[in-house]
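> Mind looking over this structure? Questions follow.
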Amino acid sequence: MSDPVLLYTSPGCPDCAAVRRYLEEHHVAYEERDVTAPGVAEEAKSRYGVRVAPITVIAGEALWGTFAHQKPRLDELLTKT
């Protein structure tokens, strides 16, 4: 995968930690953005229509919701290399 995954997270979010751990276990480079930092939640909302964490963006496709909800699609997207 040429571009790193973009991961919007918030401190103390267990699903954010689960997505982060999943990406690290699969040796996937990612850029992390904290939605509690000034302007980051608004950026997520304007780009992807949501401002909840975690938001995982892979090849322009944004996934959000719990890790369990995201995992099947993460598996699909990350095997398309």
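The values are calculated or read from the model by the stated rules, or taken from the named source; none is laboratory data. Every value quoted in this text rests on a predicted model; they were computed, and no experiment measured them. Positions of Cβ are backbone-derived with ideal geometry, glycine not excepted, and every protein chain shown enters the neighbour counts. Protein only, heavy atoms only, side chains kept; ligands, DNA and RNA dropped before computing areas. Shrake-Rupley method; radii C 1.70, N 1.55, O 1.52, S 1.80 Å.
> Only one of Glu76, Glu25, Glu43 is free of Cβ contacts under 8 Å to residues at least 40 places away in the same chain, of a type in the set (D, E, K, R) and open to solvent by less than 50 Å² (accessible area, probe 1.4 Å). Can you tell me which? Even if it seems obvious, please write down each step before you answer.
Details: Glu76 fails: open to solvent by less than 50 Å² (accessible area, probe 1.4 Å); Glu25 fails: open to solvent by less than 50 Å² (accessible area, probe 1.4 Å).
Only one candidate passes the filter, namely Glu43.
> Hey, does region 30-51 have a residue that's touching a Cys at 6+ places or on another chain (Cβ under 6 Å) and closer than 19 Å to Gly12 by Cα?
Initially, region 30-51 is screened for residues touching a Cys at 6+ places or on another chain (Cβ under 6 Å), giving none.
Within region 30-51 (the criterion being touching a Cys at 6+ places or on another chain (Cβ under 6 Å) and closer than 19 Å to Gly12 by Cα), the answer is no, since none of the residues qualifies.
> Conditions: (1) open to solvent by 30 Å² or more (accessible area, probe 1.4 Å); (2) out of contact with any strand residue (DSSP E or B) (no Cβ under 7 Å at 6 or more places or on another chain). Val52 meets all but one. Number of the miss?
(2)
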